[in-house]
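Structure, as structure tokens:
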Amino acid sequence: MPSKVMSSDSPRKCAGALALPWFPSRPAAKGTQRFAFGDWQGYYASRFADVYESWPLDTANLFLSPRFLASEEEGLPALLRPRYLVLENDRGPFAWVALQVVTFRALDNIRDQEVWKGLWGKTKRFFARFGNYRILICGHLFIPGEHVWHVQGTEPTRQAFLRQLGPMLKRIARHEGASVVLCKDFEEPLPFAAEGGLHELSFQPNMIFDLRPQWKTVDDYLDAMSSKYRIRARRAFKKSEGLLFKELSFGQIELLAGELAMLYRDIVEAAGFSLVCAGPEYFVELKRSLGPDFQVTACYMGDTLAGFYSTIRNGGDLEAHFIGFLPELNRSHQIYLNMLYRMVEQGIHARMNRIVFARTAMEIKSSIGAVARPARVYLAHVNPFLNFLLPHVVRLVEPKEEWTPRHPFREEGEG
């Protein structure tokens, strides 16, 4: 299908697009861009206020809800900016897509120096010099999982949307001055990705913990473990003696936001790779908008803020969000492991279906019961030749993490 970008000042009828009888009477909001995608029309905006009236209020996914998107817009760092796409057919709006734009510099964002060592590392460094991209992200950079779009209508409508996804995103990327498109994170293969020029790549998996309905307390959870892992958990609890875990109010988050951001940033930078870090305002705006659905729990050693963890409640899922801790106290008191156990306890008490622990630290997360699930991402370059090379370049500089899955639960009938 032919497609093109129109500014809000462009003629409201587009060659190759279906003329909607009511569409010309609806002026484009300031800051929006008109689009025509074959038989569809729609608009693209950098401010949520410009699409709010067309955005569904009843989506079951918190991460596509107006209150979450509004909080992101206020809280995201300057290098990561949100975008919004609304598509309309002859019946009105039918698809809503959450997008973000970020700048990636391979030499700056890959901090693991092991990647660059030796002759092979120098070769990768050479190619990484060309890895400076403005990236259009289909989804949320800080949130793992399929929180990308909401499509209404029949299955043929959904299939048509997925078939046009690649070409649409490339068109928008050119408009944004972005050279790379990234769609994240899909447990199942994305239909029509290859024919749309999107390359499937598998990075670190998403760690998911399915909570058993018979667990009413944390003791029920511990009883389901084999003796080895139950002893390990109790040893961690013992080491946490002297630590005070306390849920923070909105006012306390405002007061401690700078310290929370510093603890979080130190962990991200130690991991060796990041696109961008959230700042203090991110925590404040999430709490302002989400209220009790966003919880920040601080960990104190006396008067010292030793760490924190945060969670977001999305329907039946408890999403483990940002964390931070002091490495020296983590070694002596196993702060991180105790945070994971506390999130499990929180999920059990709240009667959640599962906990989404996201990527990184896969082995320790598997040791408490999380299981690796595929997290497929799809990449495309707007230049056809560079799009052919892109997956090969990504694999050259991609950090690797070897880990061994753990199995903490005993089989039925075992003591």
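Taking the listed residues Phe385, Phe409, the one that is in the same structural domain as Val148 (by TED's automatic domain parsing) and either farther than 18 Å from Lys184 by Cβ or modelled with pLDDT under 90 (or both) is Phe385, with no other qualifying.
Annotation: of all residues in region 317-351 being more than 20 Å from the chain's Cα centre (by Cα) and of a type in the set (D, E, K, R), the one that is nearest to Thr304 (Cα to Cα) is Glu328.
Cβ-Cβ below 9 Å, separation at least six or inter-chain, first residue in region 63-89 and among the small types (Gly, Ala, Ser), second assigned to a strand (DSSP E or B) and buried (at least 21 other Cβ atoms within 10 Å of the Cβ): which pairs? Cβ pairs passing all conditions: Ser71/Phe294. Checked against the criterion of being more than 30 Å from Pro82 (Cβ to Cβ), aromatic (Phe, Trp, Tyr) and assigned by TED's automatic domain parsing to the domain that holds Leu337, the candidates Phe283, Phe237, Phe294, Phe250 yield just one match: Phe237.
Would you be able to tell me the number of residues in region 176-197 that are aromatic (Phe, Trp, Tyr) and in a loop (DSSP other than H, G, I, E, B)?
Filtering region 176-197 down to residues aromatic (Phe, Trp, Tyr) leaves 186, 192.
Remaining after also requiring in a loop (DSSP other than H, G, I, E, B): 192.
So the count comes out to 1.
Only one entry of Arg265, Arg313 meets the criterion of being among the charged types (D, E, K, R), part of a strand (DSSP E or B) and touching a residue at least 24 places away in the same chain (Cβ under 8 Å), and that entry is Arg313.
Would you mind stating whether Leu211 is in contact with a Gly (Cβ under 8 Å, 6 or more places away or on another chain), closer than 19 Å to Arg410 by Cβ and among the aliphatic types (A, V, I, L, M)? Before you say what the answer is, go through the steps one by one.
Values: in contact with a Gly (Cβ under 8 Å, 6 or more places away or on another chain): yes; closer than 19 Å to Arg410 by Cβ: yes; among the aliphatic types (A, V, I, L, M): yes.
Yes: the conditions hold for Leu211.
Among residues of region 229-257 that are within 28 Å of Glu285 (Cβ to Cβ) and of a type in the set (Phe, Trp, Tyr), those with a beta-carbon under 6 Å from a residue that is modelled with pLDDT of 95 or more and not in a helix (DSSP H, G or I) at least six positions away or on a different chain give the pairs Phe245/Thr297; Phe245/Cys299. Filtering Leu329, Leu337, Leu286 for residues that are aliphatic (A, V, I, L, M) and over 30 Å from Arg230 (Cβ atoms) leaves a single hit, Leu286. Residue pairs whose Cβ atoms lie under 7 Å apart, separated by 6 or more positions or on different chains, with the first residue in region 154-175 and assigned to a helix (DSSP H, G or I) and among the acidic types (Asp, Glu) and the second at pLDDT below 95 and surrounded by fewer than 16 Cβ atoms within 10 Å (Cβ to Cβ), do not occur.
The values are calculated or read from the model by the stated rules, or taken from the named source; none is laboratory data. Keep in mind it's a predicted model, so treat the numbers as computed, not measured. Glycine also receives a Cβ, built like all others from the backbone with ideal geometry; neighbour counts cover every protein chain displayed.
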